[in-house]
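What follows is one structure encoded as structure tokens, with my remarks underneath.
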Amino acid sequence: LKPNLGAICLDNKNINLDTKTICKLKSLIAYVPQQTQILNKSIIDNLFLTEDNQKNASKKFLKKVIKCCYLEDFIDSQPNGISTILGFRGKSISGGQKQRIAICRALLQGKDILIIDEATSSLDIETEEKILDNIQILFNHLTIIHVTHNKKNLLKYKRVIKIDEKKIIEETN
């Protein structure tokens, strides 16, 4: 969507929202929504979404991301491990497990920008902190845009922008 006021800037440059630019930006971004979609497929299929993505990923990288998102115990507890079918909309798993799968899915994409939109709201505080710490340590090249109401999570970031009523009301570096 084109802004009604102002501009969208990347590296302090106003970007034109033409199709080519939009496609380029989309190719850089992995997005984790608060409510994630879980397919009636295996855990591995839910992590990669496509067979091509799954074929192109190394097992070492997959293990790293699974560990980062605290999915190891969950996967190990399943009757068929990573091949376990999650069922329609993931009804057999908790909201926190869904969110950890969604975060893992985004990290496996190997993008440069990670947008986390209230995507840890179903996690307990300890797991949430560990996952966010792991992401910053293991994926320190990422630009993270974290939408959250949890002010404690914001302490992890170099730059925080507080928005209220569609206006920037505070910015810290």
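Here are some notes:
- Filter result for the condition that a residue is of a type outside the set (Lys, Arg), open to solvent by less than 70 Å² (accessible area, probe 1.4 Å), in contact with a Cys (Cβ under 9 Å, 6 or more places away or on another chain) and at pLDDT below 95, over Leu86, Leu47: Leu47
- From the list Lys60, Lys20, Lys24, Lys55, the one residue that fits, being open to solvent by 100 Å² or more (accessible area, probe 1.4 Å), of a type outside the set (Gly, Ala, Ser) and either under 27 Å from Lys130 (Cα atoms) or touching a residue at least 12 places away in the same chain (Cβ under 8 Å) (or both), is Lys60.
- Residue within the range 146-161 that is surrounded by 16 or more Cβ atoms within 10 Å (Cβ to Cβ), in contact (Cβ under 8 Å) with a residue 60 or more places away in the chain and either in contact with a strand residue (DSSP E or B) (Cβ under 6 Å, 6 or more places away or on another chain) or aliphatic (A, V, I, L, M) (or both) present: no
- Residues in the range 27-40 that are surrounded by 14 or more Cβ atoms within 10 Å (Cβ to Cβ) and not hydroxyl-bearing (Ser, Thr, Tyr) were compared, and the one that is modelled with the lowest pLDDT is Gln34.
- Listed by first and then second residue, the pairs linking a residue in the range 103-127 that is surrounded by fewer than 21 Cβ atoms within 10 Å (Cβ to Cβ) to a residue that is among the polar types (S, T, N, Q), with Cβ atoms under 6 Å apart and 6 or more places separating them unless they lie on different chains, are Ile113/Thr143; Asp117/Gln34; Glu118/Gln34; Ser121/Gln34; Ser122/Gln99.
- Conditions (1) open to solvent by 70 Å² or more (accessible area, probe 1.4 Å); (2) out of contact with any strand residue (DSSP E or B) (no Cβ under 6 Å at 6 or more places or on another chain); (3) of a type outside the set (A, V, I, L, M): number failed by Ser94: (1)
The values are calculated or read from the model by the stated rules, or taken from the named source; none is laboratory data. Remember, predicted model here, so these are calculated numbers, not experimental data. Methodologically, a virtual Cβ is constructed for each residue, glycine included, from the backbone with ideal geometry; neighbour enumeration extends over all protein chains shown. Side chains are part of the model used for accessible areas, which takes the heavy atoms of the whole protein and leaves out ligands, DNA and RNA. Shrake-Rupley method; radii C 1.70, N 1.55, O 1.52, S 1.80 Å.
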